[in-house]
Amino acid sequence: MNETGFGIAVVGAGMASAPHLAGLLDLQDRVSVRHVVARSAERADAFASRLPHARVTLDLDTALNDENVNGVLLLTPPNTHLELGARIAAAGKHLLVEKPIDVTTSRARELVACCEQHGIVAAAVLQHRTRDASRKLRQLLDARALGAIHSASVAVPWWRPQSYYDEPGRGTLARDGGGVLMTQAIHTLDLFLWLVGLPDEVFAYAVTSPAHRMECEDTVAGVMRYRSGCVASLHASTAIYPGFPERIEISGSKGSATLGGGKLSVQYMDGSALEEGETASLGSGADPMAFSHHAHRAVMSSFVDAATRGVEPVASLRSALDVHVLIDALIASSAARQPMPVNPGSPS
């Protein structure tokens, strides 16, 4: 590290960069943004103007050749992550990349392998794992406080207006890799898998509703079956006006837990109860950036800890492959109109 802390280069300064900037401003005692790299000098200037050590450049190599840069925050469109991430890894810089890892699971696996080959810390911006309520539920499940899990559900009832999808590339396979599953529901699906693991089989329908004109799906309904006998339902959509908080429910032999909009409520069969966190806006409505930056700050802090102290990041890039595998199986099931096995080791 340099004298001003862990040196970071930020690559990409579009709409998704706002919570990252707020998080970086909070972490200025630990993190020094050395470069802001973007195709638009105007956007890069706006991002860098609030960071005392940041220099603006349109050339990634300028940032990668800076010995004061220890890691890179990659915020570019999903279809650029493999090529840019491989260059970052080859330069020996640690990598924190916005979700999804890339537009296909095969490209995502390739980036994970490249990062591991070069021995860098590689993590994904899957910030739902960092929230207090999420971590408390994970602790309860690890301790089997709910007993044997027999049923669960995950719902992402969000809304996006057509103007959102009118932006070039939005909701396309080429740039985003998919629709509601890959772009919006991926956070809640990742959290669900972090809590209960990958299912063995899924059966789903993925459609584009009359609410939108777009290439990919805006609504998915399905079921997930686990080897343990647990069955879980799934519903994700950006066609539910005006948008409501996402919700995860997990029921077991000793009680049930509900995690909705950042708040956890647990009801035990012995009559006791537990609550953690508070309900908050998480970008479920027309404004996709209507949420606090605190979870993004926690992801970045975890990334710095992993790079400087050798601890595991809260969302390693390899662990983020699970949600890609699940999304693949859901889309494949819909296309085939039949149940589909979920194989984490299969190439996609």
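What follows is calculated from the coordinates using simple rules that are stated; it is not laboratory data. These figures come from a predicted structure and were not determined experimentally. Neighbour counts run over all protein chains shown; Cβ positions are idealised from the backbone, glycine included.
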Surrounding net charge for His20, when Lys and Arg each add one and Asp and Glu each subtract one, Cβ distance under 14 Å: +2
The range 1-83: relative contact order as a whole-number percent, Cα under 8 Å and 6+ apart: 40 percent
Helix-only mean residue ellipticity at 222 nm for the chain, each DSSP H run of n ≥ 4 adding -39500 (n - 2.57), per residue, nearest 500: -9000 deg cm²/dmol
Extension gain from Arg87 to Ser292, taking 0.36 nm per residue of separation minus the Cα-Cα distance: 70.7 nm
Lysine-lysine proximity count for the chain, Cα under 24 Å, sequence distance 8 or more or distinct chains: 5
Thr308-Ser253 FRET efficiency (beta carbon distance; Förster radius 56 Å; 0.05 resolution): 0.85
Three-way shape label, the chain, alpha-carbon gyration tensor, a/c 1.5: prolate
Computed magnitude of the charge dipole of the chain (debye, nearest 20; Cβ of K, R +1, Cβ of D, E -1): 360 debye
Label zone at Val207, where the point sits 7 Å out along the Cα-to-Cβ direction: the range 309-335 residues whose backbone N lies under 19 Å: 330-335
